[in-house]
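The values are calculated or read from the model by the stated rules, or taken from the named source; none is laboratory data. This one's a predicted model, so the numbers in the text were calculated from it and none came from an experiment. Neighbour counts run over all protein chains shown; Cβ positions are idealised from the backbone, glycine included.
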Amino acid sequence: MSLRVSSELMAEIGRHGEEQYPEEAAGLLLGAVDGETRSARRVLPLANVFDSEQRGRRYLINPLDILHAEDEAERVGMDVVGVFHSHPDHPPTPSKFDLDWAVPWYVYLITSVREGVASESRAWKLQDDHSQMIEELLTVEQEAR
Amino acid sequence: MSSIRVPTALRAYTGGQGEVAVEAVTVGAALQELAVRFPALATHLFSPEGQLRPYVNLFLNDEDVRSLAGEHTPLSEGDRLMILPSVAGGWTMSTSLKAVDHSALQTSMAVRMGALIAAFVTDQTWLVPIVAALMLIGTARGKPDFGFAYRALRKLNWIAPDLIPDNPEPHRFALGVGGTLLAAATVAFIAGLPVVGWGLTWVVIALTGLNLFAGFCVGCAVYYWLNRIGMPGFIKAPPPGIIPGQRPSRPE
């Protein structure tokens, strides 16, 4: 499995993480699935509705936002293929909390935002037995979509 | 016949089907029916212990089933049950929290307080054991004591759910403590000790009021204290960043 994201979308994800810093930023990745490859074509930044004092280390997207995003994706002929979120001042590796709440099938793109500046990103996917997150190949494409 | 809407993320386990028709007449039975029909999906809906996984939310015709009757919520002809993932995460190490509907808890507290104050003012001691029974039944079922009042208000659209990531167990424990105090009050009334009975009732009124108006749940604080000293069964630690017993702040 791998995730392809254009450099433009990566920049958009980075900006969202920087804007929300020091809180966690989150949203959905819309795109297409072609066999083992997922291509993100659009990002949908969403509100982090976790308790405000803890947004520096947690995020929660309202389930009804997911419903609307799925409807929107369907309308434009895409799928919700995954989730992106930032780890302020922490590495882009999944935590135990990420694992406990991970939704199967989705790809999780985690971006580290260090001192307000988006840096490294890595992609992960829940193993089918829910025991761990497995790293996916992340390809950032320079050309426009 | 009703239908279940399967989110994109789970369609890989239903052979690509986004809508599945079910015969079941309750939410719980519908999920079981779905799990039997798609065994690959079952492991993603339920943990090995048979609990619904934390990310699974169920909405019946746009209403969270937690604010209805949970898995016992009846399904009628033409109903559409939606499985919606809760997308959550973050870098912290943490125990897993659940979305707890604080609207349901607060509505129950308001009705309970009103009933107990009315009982005192009109000197109707018989109301106390009724409230005690509702609280103890609620504790046994892990549901708010006046959940039916909340459901009625939800039906009228007078109140909206307020889902906050929280531990449900301390609230259940607190409800049990209140129910037990009112059961003791009932015994006092029967024993001809109305002062003791009303005294205990007022303890419950005061604790309920403290929780309702100041957002502090004394029973939850006791739960977390028992957790800290390692009391078996008290497995949940307080959500980080709050004083144990304090209501986690409402998402904006």
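Brief remarks on what is shown
- Taking the listed residues A:Asp34, A:Asp98, the one that is in contact (Cβ under 8 Å) with a residue 12 or more places away in the chain and acidic (Asp, Glu) is A:Asp98, with no other qualifying.
Okay, residues lined up against (1) buried (at least 16 other Cβ atoms within 10 Å of the Cβ); (2) in contact with a Ser or Thr (Cβ under 7 Å, 6 or more places away or on another chain); (3) without any contact (Cβ under 8 Å) to a residue 12 or more places away in the chain:
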{"residue": "B:Leu226", "(1), (2), (3)": "no, no, yes"}
{"residue": "B:Lys236", "(1), (2), (3)": "yes, yes, no"}
{"residue": "B:Pro244", "(1), (2), (3)": "yes, no, no"}
{"residue": "B:Arg247", "(1), (2), (3)": "yes, no, no"}
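- Residue that is of a type in the set (Ser, Thr, Tyr), farther than 28 Å from B:Ala69 by Cα and in a helix (DSSP H, G or I), where the choices are B:Thr208, B:Thr139, B:Thr180, B:Thr186: B:Thr186
- Residues that are under 16 Å from the mean Cα position of the chain (by Cα), free of Cβ contacts under 8 Å to residues at least 24 places away in the same chain and farther than 21 Å from A:Leu9 by Cβ within the range A:101-133 comprise just one, A:Trp101.
- Condition check for B:Leu210: surrounded by fewer than 17 Cβ atoms within 10 Å (Cβ to Cβ), more than 14 Å from every other protein chain (Cβ to nearest Cβ), farther than 25 Å from B:Asp64 by Cα and touching a strand residue (DSSP E or B) at 6+ places or on another chain (Cβ under 6 Å): yes
- Any strands (runs of 3 or more DSSP E) falling wholly within the range B:1-113 and containing at least 1 residues that are of a type in the set (Phe, Trp, Tyr): B:56-60
Residues checked against (1) free of Cβ contacts under 8 Å to residues at least 24 places away in the same chain; (2) assigned by TED's automatic domain parsing to the domain that holds B:Pro170; (3) among the hydroxyl-bearing types (Ser, Thr, Tyr); (4) touching a helix residue (DSSP H, G or I) at 6+ places or on another chain (Cβ under 9 Å):
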| site | (1), (2), (3), (4) |
| --- | --- |
| B:Pro7 | no, no, no, yes |
| B:Thr14 | no, no, yes, yes |
| B:Glu23 | yes, no, no, yes |
| B:Thr26 | no, no, yes, yes |
| B:Ser47 | yes, no, yes, no |
| B:Glu71 | no, no, no, yes |
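- Among the strands (runs of 3 or more DSSP E) confined to the range A:11-89, the ones with at least 2 residues that are surrounded by 23 or more Cβ atoms within 10 Å (Cβ to Cβ) and at the interface with another protein chain (Cβ under 10 Å from one of its Cβ atoms) are located at A:26-34, A:59-61, A:79-88.
- Counted residues, the range A:63-89 - those being more than 15 Å from the chain's Cα centre (by Cα) and among the aliphatic types (A, V, I, L, M): 5
- Scanning the range B:189-202 for residues that are free of Cβ contacts under 8 Å to residues at least 40 places away in the same chain and buried (at least 16 other Cβ atoms within 10 Å of the Cβ) gives a single hit, B:Leu200.
- Here the condition is being closer than 27 Å to B:Glu63 by Cα and in the same structural domain as B:Val121 (by TED's automatic domain parsing); of B:Phe173, B:Phe189, B:Phe216, it holds for B:Phe173 alone.
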